[in-house]
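So the structure is just underneath, and the comments pick up after that.
The values are calculated or read from the model by the stated rules, or taken from the named source; none is laboratory data. Since the model is a prediction, treat every value here as computed from it, not as a measurement. Here the Cβ is made from the backbone with ideal geometry for all residues, glycine too, and neighbour counts use every protein chain on show.
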Amino acid sequence: MVGTYPPTACGLATFTSNLAAAIATRESHWRVIIVRVLDQPEVETHTEVAVQWISGDRDSLARSLAAIESSDVVVLQHEFGLFGGLDGEDVLELVEGVRKPLVAVLHTVLSHPRAHQRFILDRLIEAATLVVVQSKDARRRLVTIYDADPGRIAVVPHGAEENFAGPPQPGAVHPYILTWGLLGPGKGIEYAISAVAHLQDRSLAPTYIIAGQTHPKVRAAEGESYRHKLQQQCRDLGVTQSVHFDDGYHDWESLRALVRSADVVLLPYDSLDQESSGVLVEAIASGKPVVATRFPHALELLSRGAGLLVPQGDVQAMTDALERVLYEPGLAETMKACARREAAVLLWPTVGATYRRLISQIMARREVA
């Protein structure tokens, strides 16, 4: 499997780790090795990492291709910002050198790609034995925009671990709104803060927790300027007592407790193209009501009652949706029940079994050929 991997702090690294564990269960007797994608070499602590592929380093690329040859199938995680070169074009060097069947997991399918982005994705789709996306809308885009063969596209959900029961985060103050994940421009947090400010005249006003460190690449380029801008916004709106920035490290159990404590999860993202959101899937797997902007993954997962959808950047719509979830009698309980039903197909054991089935089919066709 090729992708970022812990301790790299990004959602895709977490996804790679969880997917590898879901595929290579003890009962399945499958084995996964990792080609870990990095900008700079690191001391490796995970035995499943066979090699590090360092951006721009041809020797590490050669070692990665050699390691891949010991496998039966290559599962590649693709995101444009993951690999080196313009728009991550270095991924094509690996793809062109792979002689094993390739499963390309596309975490973003742009509806309006630049010419060079389109070139990269076209080459990747052409080289892949199977393309996996995480939403029906992403599949539709591949077929209608990229002219991909629908017979070589599979839709497999992102995956999550059930989080319905367990102790809450100590000291949680209700009503409790939660946004979590790596922080950076494009997350729409400024609109969320404005919406929360509009609810402060309620007799039982909500607390808003923004949990997560600044994305490492954002911090390297811009420092903490985005976080500081948001903190200044809180001061300007007089909500510093109601909006809390939690930039401490949360291990897995601490994060799960944080999510269990929330009355509503808020995803105010700016993107109109986001086909996959691990935060959204984890919220559903925790049985939580969700308020989200109308990005594709949210449109798909929340259409049956687990969440309320609002236009990107619409503070009033976000305010109204949060007010309904927090204060309208019975609505939150109905949404929680819907979320629990949606969670059944999103859990990692189901997702891992689906990947094993798809890979087994690829290997069977290869043996026949």
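Values as computed for the structure displayed
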item: Selection count where residues are in a helix (DSSP H, G or I) and either under 20 Å from the mean Cα position of the chain (by Cα) or more than 22 Å from Gly186 (Cβ to Cβ) (or both), scope region 230-278; result: 12
item: Odd one out for Leu331 among (1) at pLDDT 95 or above; (2) more than 21 Å from the chain's Cα centre (by Cα); (3) surrounded by fewer than 17 Cβ atoms within 10 Å (Cβ to Cβ); (4) not assigned by TED's automatic domain parsing to the domain that holds Lys288; result: (4)
item: Any hit, region 116-132, residues being out of contact with any Leu (no Cβ under 8 Å at 6 or more places or on another chain), modelled with pLDDT under 95 and either closer than 30 Å to Ala283 by Cα or surrounded by fewer than 15 Cβ atoms within 10 Å (Cβ to Cβ) (or both); result: no
item: Residue in region 78-93 that is at pLDDT 95 or above, over 20 Å from Leu12 (Cβ atoms) and not basic (Lys, Arg) present; result: no
item: Matching residues in region 282-303 - criterion: being among the polar types (S, T, N, Q) and over 24 Å from Arg140 (Cα atoms); result: Ser286
item: Verdict on Ala148 being among the aliphatic types (A, V, I, L, M), buried (at least 20 other Cβ atoms within 10 Å of the Cβ) and either under 16 Å from the mean Cα position of the chain (by Cα) or under 30 Å from Val75 (Cβ atoms) (or both); result: yes
item: Pairs where the first residue, in region 227-239, is on the phi > 0 side of the Ramachandran plot and the second is among the hydrophobic types (A, V, I, L, M, F, W, C), C-beta under 8 Å, 6+ apart; result: Gly238/Ala197
item: Residue match in region 71-91 (condition: of a type in the set (Asp, Glu) and part of a helix (DSSP H, G or I)); result: yes
item: Region 286-328: number of residues that are within 28 Å of Ala165 (Cβ to Cβ), modelled with pLDDT of 95 or more, part of a helix (DSSP H, G or I) and touching a strand residue (DSSP E or B) at 6+ places or on another chain (Cβ under 9 Å); result: 5
item: Residue identified as in contact (Cβ under 8 Å) with a residue 60 or more places away in the chain, surrounded by fewer than 23 Cβ atoms within 10 Å (Cβ to Cβ), closer than 25 Å to Glu79 by Cα and not charged (D, E, K, R) among Pro296, Pro349; result: Pro349
item: Considering residues of region 11-42 that are more than 24 Å from Asp59 (Cβ to Cβ) and polar (S, T, N, Q) only, the residue surrounded by the fewest Cβ atoms within 10 Å (Cβ to Cβ); result: Ser28
item: Long-range neighbours under 6 Å by Cβ, at least six apart or interchain, first residue at pLDDT below 95 within region 182-203, second among the aliphatic types (A, V, I, L, M); result: Gly184/Val218
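Per-residue answers, yes or no, for (1) under 26 Å from Val173 (Cα atoms); (2) in contact with a His (Cβ under 6 Å, 6 or more places away or on another chain); (3) hydrophobic (A, V, I, L, M, F, W, C); (4) in the same structural domain as Val132 (by TED's automatic domain parsing):
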site: Arg219; (1), (2), (3), (4): no, no, no, no
site: Leu230; (1), (2), (3), (4): yes, no, yes, no
site: Asp246; (1), (2), (3), (4): yes, no, no, no
site: Asp251; (1), (2), (3), (4): yes, no, no, no
site: Ala262; (1), (2), (3), (4): yes, no, yes, no
site: Val290; (1), (2), (3), (4): yes, no, yes, no
